[in-house]
Amino acid sequence: MSEPATSEPEGVTQRLPVPEKDEPAPEKGGHLPARRFWSARRIPAGIVAALLLGGFGLLLYDISAVRAGHPAMRWRRVLAQQLATRPLDDTWVRVGAGVAAALGLWLIVLALTPGLRALLPMRRTHPDVRAALTRDAAALVLRDRAIEVAGVQSARVRVHRRKADVRAMAHFRELDDVHADLDEVLGDAVRGLGLARPPRLAVRVRRPGRKG
């Protein structure tokens with residue numbers, strides 16, 4: 001059953017419903033486990049598929065031509081000769097092996113990691129709905145809340161997966177008082193984002209014209 005369309009904050013992403021049989025038990029507090037979103041990896045998959053298709057297609061064509069009585073292509077004769085005559089400690093053999101190992105490791109990392117690091121999973125209260133908030137949207141919300149604190153002239157916020165860095169400039173009031181208000185206000189703001197794993201706040205306050 002589809003839910004009525006409602007307006008949502010910018011940066012929220014939803015996914016298609018998932019089967020209920022695959023849903024784990026709710027966590028403590030009544031919320032379902034919220035895992036990171038997995039990237040489709042379309043560009044790497046397309047590149048690998050195109051290279052494999054072209055390479056195997058050319059190889060099969062050459063084998064078919066040899067079976068039909070035509071000589072093998074020059075590149076295959078040269079490759080077979082080089083593989084048969086070059087020693088294993090040859091520089092080009094090592095370079096080729098290193099490149100192949102690096103590409104293989106890169107593909108393994110892509111296959112085992114979710115990707116989409118810019119999306120922060122939100123708490124799940126319904127088994128058929130998954131949502132995420134972009135880091136930029138979360139940073140914008142925290143920056144707007146920081147600006148509302150008395151004494152804050154400007155603020156810069158960067159949100160990571162586990163930490164939110166806040167750099168604020170205070171043009172009046174004591175820095176300790178501004179820092180305490182920012183901790184309280186931004187703490188409430190982080191909890192209000194509804195993230196499954198709220199980032200840890202790292203707040204720094206300084207006067208205009210001073211570094212640090």
Fill in the blank from the handout: Taking R0 as 35 Å and r as the Cβ-Cβ distance between ASP144 and SER39, the FRET efficiency 1/(1 + (r/R0)^6), rounded to the nearest 0.05, comes to 0.75
Completion exercise
The simple spin-label model distance between ASP136 and ARG74, using points 7 Å out along Cα→Cβ, in nm, is 5.0
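Coordinate-derived values only; no laboratory data. Small disclaimer: the values here were computed from a predicted structure and weren't measured. Heads up, the Cβs are rebuilt from the backbone with ideal geometry, glycines too, and the neighbour counts pull from every protein chain shown.
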